[in-house]
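Every read-out reported here was derived from the displayed coordinates using simple, explicitly stated rules and does not represent laboratory data. Quantities reported herein were computed from a predicted structural model and do not represent experimental measurements. Note that we place each Cβ from the backbone using ideal geometry, even for glycine, and neighbour counts take in every protein chain shown.
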Amino acid sequence: MSILRRCCFGGVLVALGQWALAQPQSTFDTVGPVAEMQLDLFMLTFWLAIGVFVLVAGALGYAVWRFRARSQDARALPPQTHGNTILEVSWTIAPAILLIVIGIPTVRTIWQLEQRHFRDEEVIEVNATGHQWWWAFEYPDLGIVTANELHIPTGTRIHLNLRSEDVIHSFWVPRIAGKKDLIPNQDNSLWIKSNEVGNFYGQCAEFCQTAHAHMRFRVIARPPEEFDAWAERFGEVSSAPQQVSSNPLVSQGKELFKQKGCAGCHTVEGYSEGKVGPSLTDLGDRTTIGAGILPNTEENLAAWLRNPQALKPGNYMPTLWREDDPHANEEIEALVAYLHSLHSNGRMALQDELHDMHEETAWR
Ligand code: CUA
């Protein structure tokens with residue numbers, strides 16, 4: 001291989017590596033202390049493993065070269081040896097030392113990730129519940145229930161109480177923390193913190209049947225003031241009595257929400273109390289629908305209502321209109337208008353974010 005070719009090949013490898021490390025779900029591009037500690041542990045183990053590989057492969061290569069057959073008579077068996085006390089002792093002790101070197105920081109990290117050691121610090125409590133195939137996020141102290149988008153302030157520790165309503169799921173936000181299982185009848189917990197503002201991708205990391213790969217979520221980290229404003233507005237909007245909208249389309253959608261049975265499965269605080277599907281209280285404020293699979297645009301929401309199975313096969317949302325229903329388009333338009341009117345004061349900010357997401361979510 002010519003030097004030029006080698007350089008090109010090396011350049012392509014480096015570029016590919018950098019591209020892979022900069023993806024939205026890269027565990028190497030950390031933004032919080034939990035992911036950082038986990039990465040440190042990985043790097044320590046990685047470099048020790050590289051050291052072991054170089055030593056073992058080097059010894060093997062040396063032996064193959066040094067003791068190769070050099071002439072015809074070398075086909076006879078070389079003198080056989082059995083046991084070498086110094087070697088036996090050293091390759092018993094060396095791995096033990098290595099395991100201790102890896103074991104001590106591992107145990108220390110596990111210890112640090114246990115949330116009970118931080119009881120005195122101010123934390124935000126969130127009950128994160130896994131469902132097939134979406135996430136419920138409840139802030140018991142703030143009186144907020146939302147779904148699929150976990151809002152957090154930067155620099156603040158968040159205690160997650162992980163539970164499941166059905167099968168085992170796993171909470172994983174690669175750039176912030178990973179992973180901990182949500183197990184039915186078993187309370188698990190995890191703390192997370194983000195040092196950076198951003199919209200971080202999360203993913204269920206335990207196979208939980210049909211739509212497992214579509215059980216995504218977002219962690220939206222903002223400065224504490226903005227988080228407080230969000231929480232306050234959430235409380236105000238949700239507790240305000242549901243008013244009659246001046247937009248007839250929204251009023252029609254609101255009626256349809258009950259007529260078509262949406263209200264039986266979904267909560268809109270102050271209007272419906274369904275618990276089967278995700279809460280829609282702040283749907284107009286969300287960046288995604290279908291548990292993180294699509295940007296929350298009018299077209300996507302309409303397509304989702306028309307045929308949820310086409311976009312996310314296996315999910316439990318029924319198709320509400322027959323293929324030839326003449327009212328389908330008009331009713332869907334009204335429902336979209338109603339759903340997007342919920343907490344809609346967030347929608348202006350949302351539009352910018354949607355623009356960025358369109359660029360970003362091509363990997364879907
Ligand atoms: Cu939930 Cu996989």
- Item | Estimated FRET transfer efficiency (GLU273, ALA15; beta-carbon r; R0 56 Å; 0.05) | 0.60
- Task: Report the label-to-label distance for CYS265 and GLU225 in nanometres (one decimal), using points 7 Å from each Cα along the Cα→Cβ vector.
- Result: 4.2
- Query: Gain in length, LEU39 to SER90, computed as 0.36 nm per residue apart minus the alpha-carbon separation, to one decimal in nm?
  - Reply: 15.3 nm
- 1/(1 + (r/R0)^6) with r = Cβ-Cβ of LEU60 and ILE3, R0 = 30 Å, i.e. FRET efficiency to nearest 0.05, evaluates to 0.55
- Where a ≥ b ≥ c are the square roots of the eigenvalues of the C-alpha gyration tensor, would you call the chain rounded, which needs a/c under 1.5, or, failing that, prolate if a/b is larger than b/c, or oblate? prolate
- So how far apart, in nm, are the two label points at SER26 and SER246 if each is 7 Å from Cα heading toward Cβ? 4.9
- Message: Show me, for segment 16-25, the HN-Hα J-couplings you get by feeding each phi into the Karplus relation (A = 6.51, B = -1.76, C = 1.60, θ = phi - 60°), rounded to Hz, glycine and proline as x.
- Response: 4, x, 5, 4, 5, 6, 9, 5, x, 10
- Please work out how much length the chain gains when fully extended from ASN127 to LEU77, using 0.36 nm per residue of separation minus the C-alpha to C-alpha distance, in nm with one decimal. 11.1 nm
- What percent antiparallel are the DSSP beta bridges of segment 123-196, to the nearest 5? 70
- Task: Go through LYS260/LYS312; LYS275/LYS312; LYS179/LYS254; LYS179/LYS258; LYS193/LYS260; LYS254/LYS275 and tell me which ones have a Cα-Cα distance over 30 Å in this structure.
- Result: LYS179/LYS254; LYS179/LYS258; LYS193/LYS260
- At what distance in angstrom do the alpha carbon centres of segment 285-300 and segment 253-272 lie from each other? 19
- Note on the structure: Rounded to 0.05, the calculated FRET efficiency for the beta carbons of LEU142 and ASN188 at R₀ = 25 Å is 0.70
- Task: Scan around ILE144 for amide H atoms under 5 Å from its own, H built in the peptide plane at 1.01 Å from N, and keep only partners 5 or more places away or cross-chain.
- Result: TYR139
- Determine the percent antiparallel among the DSSP beta bridges restricted to segment 76-222, to the nearest 5. 65
- Task: Calculate the spin-label point distance for HIS327 paired with ILE104, positioning each point 7 Å from the Cα along the beta-carbon direction, and give it in nanometres.
- Result: 7.3
- Ranked by how many other beta carbons lie within 10 Å on average, peptides 32-39, 75-82 from highest: 32-39, 75-82
- Query: Of all DSSP beta bridges in the chain, what percent run antiparallel (nearest 5)?
  - Reply: 70
